[in-house]
Amino acid sequence: LLFAKVDEQMRGILLGAVVILVLGVLDDCLTLRAWFKFLVQIFAAYLVTSHGCTIRYFSNPIVTSSVQYLDLGKWSVPITIVWIVAITNAVNFIDGLDGLAVGVSAISAATLLVIALLVAESNIAIVVAALLGACLGFLPYNFNPAKIFMGDTGSLFLGGMVCGLAFALNIPLANPMIGLVYVAEVLYDIIQVVYFKKTGGKRFFRMAPLNHHLEMGGWTGHKWKETQIVALFAGVTVLFAVLSFIGVFHRFGV
């Protein structure tokens, strides 16, 4: 029953990934409208949830409460869909510097691979290993100066797979820890857009997302080189990937 459940989830993840991949190809070739891409991403996320990949419980943030976990109930599927779409697009957001998106995704995939091996999920480990191999194979061609660019085809697919495989390992909420850079980039975009609209055109950051803010001088006025930013983000990802193991070890008793 355990393997049947994992296989069912993996079918949903791969099916959703194919939809996202086709969407990325069409967008790179035709430049699709944002609303259409968003609807297709929601459909792909729904395919994943319909195969059993959902966030049903999460830890209660109120430490004084006697209830350790909160049941999402009927909100489980819509919250999961929002979660998948957000993580998928987060990887797309960071695909602005040579080697950044694929480098961070490779570290995330390597982390998931180690976790899959530790908890003896061999079927999932094979898929994660394939994803990691694809990232490592592409990385030399995407280093600065890049010879090949992944476009939306690659960035959306990577985001969807990293997010989906975390569901397959039953650790979907580990994504913000493993991929902290993804979350930071999205938050920077949100803050910039909201502040811009509320202040009538003023900018909170020099530029969003974070990698471009650092390129233009950051807070100190020092302009970071592209390779320095990629190295910084990769280092942060490695650090939080290591820290994420603590939670996984506690959860699975490894």
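Worth a mention:
- Residue in the range 192-215 that is loosely packed, with under 12 Cβ neighbours inside 10 Å and of a type in the set (A, V, I, L, M) present: yes
- Residues (over 18 Å from residue 234 (Cβ atoms) and open to solvent by 70 Å² or more (accessible area, probe 1.4 Å)) located in the range 135-159: 147, 148, 149
- Among residues of the range 187-201 that are in contact (Cβ under 8 Å) with a residue 60 or more places away in the chain, those with a beta-carbon under 8 Å from a residue that is surrounded by 11 or more Cβ atoms within 10 Å (Cβ to Cβ) and assigned to a helix (DSSP H, G or I) at least six positions away or on a different chain give the pairs 189/93.
- Selection status of residue 145, out of contact with any Gly (no Cβ under 9 Å at 6 or more places or on another chain) and closer than 22 Å to residue 79 by Cα: no
- The listed residue being aromatic (Phe, Trp, Tyr), in contact with a helix residue (DSSP H, G or I) (Cβ under 8 Å, 6 or more places away or on another chain) and not in a helix (DSSP H, G or I), out of 157, 138, 149: 149
- Close contacts from the range 96-111, counting a first residue that is more than 14 Å from residue 133 (Cα to Cα) and a second that is open to solvent by less than 10 Å² (accessible area, probe 1.4 Å) and small (Gly, Ala, Ser), with Cβ to Cβ under 9 Å and a gap of 6+ residues or different chains, come to 101/155; 101/159.
- Restricting attention to the range 170-187, the residues that are more than 10 Å from the chain's Cα centre (by Cα) and crowded, with 24+ Cβ neighbours inside 10 Å add up to 1.
- Checked against the criterion of being open to solvent by less than 30 Å² (accessible area, probe 1.4 Å) and at pLDDT 90 or above, the range 25-35 has at least one qualifying residue.
- With respect to the conditions (1) open to solvent by less than 40 Å² (accessible area, probe 1.4 Å); (2) in a loop (DSSP other than H, G, I, E, B), residue 162 lacks only one, and its number is (2).
- The residue list 94, 81, 126, 55 contains one member that is open to solvent by less than 70 Å² (accessible area, probe 1.4 Å), β-branched (Val, Ile, Thr) and at pLDDT 90 or above, which is 81.
- Lone qualifier among 216, 177, 207 - being touching a Leu at 6+ places or on another chain (Cβ under 7 Å) and either within 18 Å of residue 85 (Cα to Cα) or of a type in the set (A, V, I, L, M) (or both): 177
The values are calculated or read from the model by the stated rules, or taken from the named source; none is laboratory data. If you're wondering where the values come from, they're calculated on a predicted model, not measured in any experiment. All Cβ positions, glycine included, derive from the backbone under ideal geometry; neighbour counts span all protein chains shown. In case anyone asks, the SASA skips ligands and DNA or RNA and just uses the protein heavy atoms, side chains included. Shrake-Rupley method; radii C 1.70, N 1.55, O 1.52, S 1.80 Å.
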